[in-house]
1. Within region 405-439, which residues have the backbone N less than 19 Å from the label spot 7 Å out from D486 along Cα→beta-carbon, could you tell me?
2. Quick check: net charge around A242, other residues with Cβ under 13 Å of its Cβ, Lys/Arg +1 and Asp/Glu -1?
3. At 0.36 nm per residue, and after removing the present C-alpha to C-alpha distance, how many nm does the segment from L346 to T129 gain when stretched out fully?
4. Output ³J(HN,Hα) for region 304-321: one whole-Hz value per residue in order, computed from phi by the Karplus curve 6.51 cos²θ - 1.76 cosθ + 1.60 with θ = phi - 60°, and x for Gly and Pro.
5. What is the gain in length, in nm to one decimal, between A339 and T203 on full extension, counting 0.36 nm per residue of separation less the C-alpha to C-alpha distance?
6. If only Cα atoms are counted, what is the Rg of the chain, and what is its Dmax, in Å?
7. Loop-only trypsin sites (Lys or Arg not before Pro) in region 1-98, please: DSSP not H, G, I, E or B, and at most 14 other Cβ atoms within 10 Å.
8. Separation of region 341-379 and region 39-67 by C-alpha centroid, Å?
Amino acid sequence: MITSVLVANRGEIACRVFRTCRELGIRTVAVHSDADARALHARVADTSVRLPGETPADTYLRGDLIVKAALAAGADAVHPGYGFLSENAAFARAVRDAGLIWIGPPPEAIEAMASKTRAKQLMGVEPLTEVTEDDLPVLVKAAAGGGGRGMRVVRHLADLDAELAAARAEAAGAFGDGEVLVEPYLENGRHVEVQILADTHGTVHALGTRDCSLQRRHQKVVEEAPAPGLTDGLRRELAGLAVRAARAVDYTGAGTVEFLVAGERAHFLEMNTRLQVEHPVTEAVFGIDLVAEQIRIAEGRPLAPEPPPARGHAVEARLYAEDPARDWSPQTGRLHRLAVPQGVRLDTGYTDGDDIGVHYDPMIAKVVAHAPTRPEALRRLGSALERAVIHGPVTNRDLLVRSLRHPEFTAARMDTGFYDRHLAALTEPDPDPHAPLAAALADAHGRSRFGGWRNVPSRPQTKRYLMAGEEHEVRYRYGRRGPEADGVRVVHADAHRVVLDVDGVQRTYEVARHGDQVYVGATTLTALPRFPDPTARHAPGSLLAPMPGTVVRVADGLTAGTPVKAGESLLWLEAMKMQHKITAPVTGTLAALHVAPGQQVEPGALLAVVEETP
């Protein structure tokens with residue numbers, strides 16, 4: 001009987017496992033890096049153990065330190081979560097060798113499936129060993145791990161070597177394993193997966209399907225269960241293949257078998273020998289707790305002879321701290337407020353006042369809706385995200401809401417190329433034109449009481465805000481009944497709530513301010529100083545760091561005076577376990593290079609300057 005569980009992970013998944021452990025009466029142990037010393041998962045656990053260091057390589061990827069922490073804290077079992085060492089057979093073996101219970105599949109099963117190359121061979125699929133023009137496009141993919149790390153689509157043979165090197169570096173940094181494979185890339189397939197549960201008594205359950213086709217940069221964004229639009233025959237085939245994969249390696253525990261579906265054909269991709277990020281949609285549809293099932297299986301208990309019946313439809317959206325205006329670069333900073341309406345599930349590793357740092361994945365939360373039908377689930381989730389209170393770094397909230405309401409998605413006609421076709425339209429700024437006025441009125445009320453009406457007309461008050469990349473100047477004045485603005489009737493205004501009447505329609509705005517950031521409903525504005533600083537501007541062609549990170553590479557031979565072409569990669573930043581290219585904005589000459597490999601930079605730091613050719 002398991003009495004104490006150490007979770008060899010962090011953030012959202014650690015908090016999620018702890019929640020089930022508490023419900024089962026199991027004591028919890030967290031591990032944390034120095035950067036995570038005040039993280040939520042470290043605070044909510046019964047016991048926490050420090051792993052000295054900040055980056056994954058010297059903390060959450062150090063299996064020896066984690067085993068030592070489990071023994072020191074008196075844990076009798078280890079749950080790996082997902083990512084990091086969750087699919088590392090050597091770590092699973094080390095846990096068992098230390099006399100601890102491993103809440104996962106046998107090391108031999110992990111070994112057989114952890115390498116996507118060997119997994120494909122086991123299922124009768126051979127990866128590409130030599131790429132020719134006829135094979136293009138191809139997908140370069142990390143052999144271990146997932147989450148979009150170590151993945152590159154290659155459309156030109158000349159780019160293959162560089163993309164292989166970048167994928168290997170990214171995979172090594174994220175999973176401690178730089179092995180990659182190359183496989184054909186199908187442009188318009190659907191990503192469909194099957195959740196399995198297997199016990200130690202020979203029972204294997206296939207718990208329906210999930211569709212994860214909405215992906216950006218090979219990172220899943222929206223997932224749902226069951227996968228819509230599949231024929232009964234295809235569903236049976238997918239379930240059969242998933243069970244076959246599990247039995248082929250004597251699998252036990254929770255796992256996922258992933259496929260690319262094109263028409264009625266299913267192409268095996270890989271088997272993830274762990275819990276998936278998107279597991280909550282399966283839990284909602286089948287009414288089970290997969291973490292509880294993992295623990296029961298690890299204790300040797302049998303599964304029921306048949307899986308429970310499926311009910312309704314569930315959809316999950318991943319809320320990320322990332323800025324669409326900066327090529328979706330990860331964002332850091334203080335999360336002042338996070339709240340979603342009742343009626344949906346929120347899985348997160350953050351709470352109000354926590355900091356989103358540079359070292360780890362920028363996912364803030366997963367929001368899940370369950371309803372009797374797919375249209376109802378989509379509507380419920382879209383509404384919850386739209387009304388959610390998110391005060392902090394820029395997020396992908398607008399993308400999520402618009403995706404859930406896009407006609408191609410609501411009609412279940414999506415595929416993995418959905419964002420290739422629609423991303424620009426889905427991220428077109430559409431700010432509320434009256435948000436700056438609401439911000440100004442709330443700000444004025446919060447800083448000082450409105451002055452009384454005067455017989456002599458008062459001078460207009462002015463405030464300036466940056467909204468969706470554009471500057472807005474707001475003008476209002478005080479009248480007999482309070483503040484007035486052209487074309488808008490101010491019904492009510494205080495420091496936190498403003499009601500405006502626009503052409504007979506009243507709109508209510510909830511307003512909050514944290515430093516220079518003003519949050520008006522779902523709109524974020526930056527309050528600008530009354531008198532701009534003329535020295536704050538950078539020269540044209542300046543390349544600024546879009547995020548905090550480390551310069552991991554500078555293009556070969558790049559020095560001041562080097563000719564460059566628009567779009568050419570000049571240097572690479574590593575942040576949150578991924579590498580980000582910094583490219584030349586124009587064709588011209590590199591006038592200055594201000595950084596070198598290994599240098600850490602803060603957001604807005606000047607990296608280089610390119611002078612445009614006249």
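Derivation of every value follows stated rules applied to the coordinates shown; laboratory data play no part. All values reported here derive from a predicted model rather than from experimental measurement. Because the Cβ atoms are built from the backbone with ideal geometry, glycine has one as well, and the counts that use them run over all protein chains shown.
1. Output list for this probe position: 433-439.
2. Net charge in that neighbourhood comes out at +1.
3. Gain on stretching L346 to T129: 73.8 nm.
4. 5, x, 10, x, x, x, 7, 9, x, 9, 10, 9, 10, 10, 9, 8, 10, 8
5. Full extension of this stretch gives 44.9 nm more.
6. Rg then Dmax for the chain, in Å: 26.2, 88.
7. R38
8. 23 Å
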